[in-house]
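Worksheet for the structure shown next.
Bear in mind these aren't lab numbers, they're just calculated from the coordinates by the rules spelled out. Bear in mind that the values here come from a model prediction, so they are computed numbers and not experimental data. Here the Cβ positions follow ideal geometry from the backbone for every residue, glycine too, while neighbour counts run over all protein chains shown.
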Amino acid sequence: MFQILDNAKKKKIIEKISSLGITKVPYLLIRIGKERILAYSGNLSREELSEISGLLSIEGLGTYFGKELEDKSFRLSVDMLHLLKEQVTKNKIYINKEQEEQWFYGENVLLSEKQQEEYKDVNGFVAVCSSDEYKDILGTGKISQDKKMISNFLPKERRVRKN
């Protein structure tokens, strides 16, 4: 399935990621399959994209934007977090060096009691960030309901392999 999202559908997706502070997405959004969304910023028109989609695999035309989940929530990709980082002002969780190591191995991260208290009002998907002086965004996570853990959604190809 290939579908260029109209403004109303794009607005619904933006509403789903607004918990991160994102209010504008300067890309054309394209649904591939049931749940995958791509972001396109090239010069092809909607008609040209539709025509090309009938001939080629369209996934190479855009950047992976994110995934709409069965519960109708939306998980933004790591790449989009970086591209939209100026807008990511909410639901940021800062983790320490030890937690970063767990994160890059693809493990879920347990939060300290201090972090649990600090992030008690954070819900759903979060931008996981480094606590060093750079404050880099490391990826997308989801905080557990009890605020004790962040589920890791770092793609396997971006994880550090254990020897």
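Summing Lys and Arg as +1 and Asp and Glu as -1 over all other residues whose Cβ lies under 13 Å from the Cβ of residue 9 gives a net charge of +3. Each residue, residue 87 and residue 136, gets one label point 7 Å from its Cα in the Cβ direction; the gap between the two is 2.4 nm. Maximal additional length on extending the residue 56-residue 24 stretch stands at 8.6 nm, based on 0.36 nm per residue less the C-alpha distance.
Sorting 149, 1, 80 by the number of Cβ atoms found within 10 Å of their own Cβ, with the fewest placed first, yields 1, 149, 80. With the simple model of a label 7 Å out from the Cα in the direction of the Cβ, residue 163 to residue 34 spans 4.2 nm. Taking the chain as a Gaussian network of alpha-carbon nodes connected by springs under 10 Å, the highest mean-square fluctuation of the residues 118, 59, 48 belongs to 48. Cα centroids of the stretch 15-67 and the stretch 131-163: 24 Å apart. With a Förster radius of 22 Å applied to the beta-carbon distance between residue 79 and residue 43, the computed FRET efficiency rounds to 0.60.
Our summary gives the stretch 92-158 a relative contact order of 38 percent, counting only alpha carbon pairs under 8 angstrom and 6 or more residues apart.
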